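See structure below.
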Amino acid sequence: MRVLIIEDDGKTAGFIAKGLRQEGFAVDVAEDGEEGLHLISEEPYDAAVVDVMLPRMDGVSLVDAARKRGVQTPIIFLSARRTVDDRVRGLQSGGDDYITKPFSFVELLARLRALIRRSTGAENATLLSVGDLALDLSRRTAARGGVPLELQPREFALLEFLMRNAGRVVSKTMIMEHVWDYNFDPQTNVVEASVCRLRAKLDEGSAKPLIKTIRGVGYVLEEAR
């Protein structure tokens, strides 16, 4: 999953970004409102964390402008403002949630996952399953047929994206946009290589492959038959 952080305080942005990357998210950071509006309008994020007090454009105005452009990305406001009026103003502008500083990263992570769960229609924010394949997002574990899988962080993120889109063909571009950040070089074959390594780990000891290549289109993960 790919998250945008719009926060001008480098320490806070770094703290959030580091924590999310450790949880397997791809993360982009914008340091002012105008840059944040450009990114959230142009890139396909699964969620965004937006500070209210930003240079060049405040967070509330940013979200209001993004919604008017048709951006549907789930958004959590982050602010030192604690009054009910401030929270209401943020939510009325198009925000989906509001957390006040200082905050717990664990709570922020839980709320992000809840927003992503609602936006993708998943019933459980931390447990995903397709056939005999199971993914536990909170424990960062994966297993097939009860046998644990040893996955690298990027392989885990790739598997999460494929499982959230189980039964649907996803293109290489879609994978790049949701699993890698905007500094990723699209000319490399890293997506193909990552899918190949992941497929080998998933299918080891099983005669029924889970990830299928749709030639010229992309990949699909579906229950083995």
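Output the residues belonging to segment 153-172 that are open to solvent by 70 Å² or more (accessible area, probe 1.4 Å) and modelled with pLDDT under 90.
Within segment 153-172, the first condition is being open to solvent by 70 Å² or more (accessible area, probe 1.4 Å), and the residues that meet it are 153-154, 168.
Selection gives Pro153, Arg154.
Which condition does Ala114 not pass, out of (1) out of contact with any strand residue (DSSP E or B) (no Cβ under 7 Å at 6 or more places or on another chain); (2) open to solvent by 30 Å² or more (accessible area, probe 1.4 Å), if it passes all the others?
(2)
Go over the candidates Arg21, Arg56, Arg87, Arg67 one by one and state the one that is charged (D, E, K, R), part of a loop (DSSP other than H, G, I, E, B) and surrounded by fewer than 21 Cβ atoms within 10 Å (Cβ to Cβ). Outline the logic, then answer.
Working: Arg21 fails: part of a loop (DSSP other than H, G, I, E, B); Arg87 fails: part of a loop (DSSP other than H, G, I, E, B); Arg67 fails: part of a loop (DSSP other than H, G, I, E, B).
Checking each option against the conditions leaves just Arg56.
Could you figure out which of (1) part of a strand (DSSP E or B); (2) closer than 21 Å to Pro153 by Cα isn't true of Tyr98?
(2)
Of all residues in segment 88-126, how many are modelled with pLDDT under 85 and within 16 Å of the chain's Cα centre (by Cα)?
The total comes to 9.
Restricting attention to segment 132-144, does a residue exist that is of a type in the set (Gly, Ala, Ser), farther than 26 Å from Ala110 by Cβ and touching an Asp or Glu at 6+ places or on another chain (Cβ under 9 Å)?
Taking segment 132-144 and keeping what is of a type in the set (Gly, Ala, Ser), we get 134, 138, 142-143.
Still in the list and also farther than 26 Å from Ala110 by Cβ: none.
The answer is no, given that none of the residues of segment 132-144 is of a type in the set (Gly, Ala, Ser), farther than 26 Å from Ala110 by Cβ and touching an Asp or Glu at 6+ places or on another chain (Cβ under 9 Å).
Val179: modelled with pLDDT of 90 or more and among the β-branched types (Val, Ile, Thr), yes or no? It would help to see each step written out before you state the result.
On the way: modelled with pLDDT of 90 or more: no; among the β-branched types (Val, Ile, Thr): yes.
Spelling it out, it is not the case that Val179 is modelled with pLDDT of 90 or more and among the β-branched types (Val, Ile, Thr).
Give the residues of segment 33-53 that are surrounded by fewer than 18 Cβ atoms within 10 Å (Cβ to Cβ), in a loop (DSSP other than H, G, I, E, B) and over 16 Å from the mean Cα position of the chain (by Cα), sorted by residue number.
Scanning segment 33-53 gives a single hit, Met53.
The values are calculated or read from the model by the stated rules, or taken from the named source; none is laboratory data. What you see is a predicted model; the values in this text were computed from it and never measured. Quick reminder, even Gly has a Cβ in these numbers, built from the backbone with ideal geometry, and neighbours come from all protein chains shown. The area values use the complete protein model at the heavy-atom level, side chains included, leaving out ligands, DNA and RNA. Shrake-Rupley method; radii C 1.70, N 1.55, O 1.52, S 1.80 Å.
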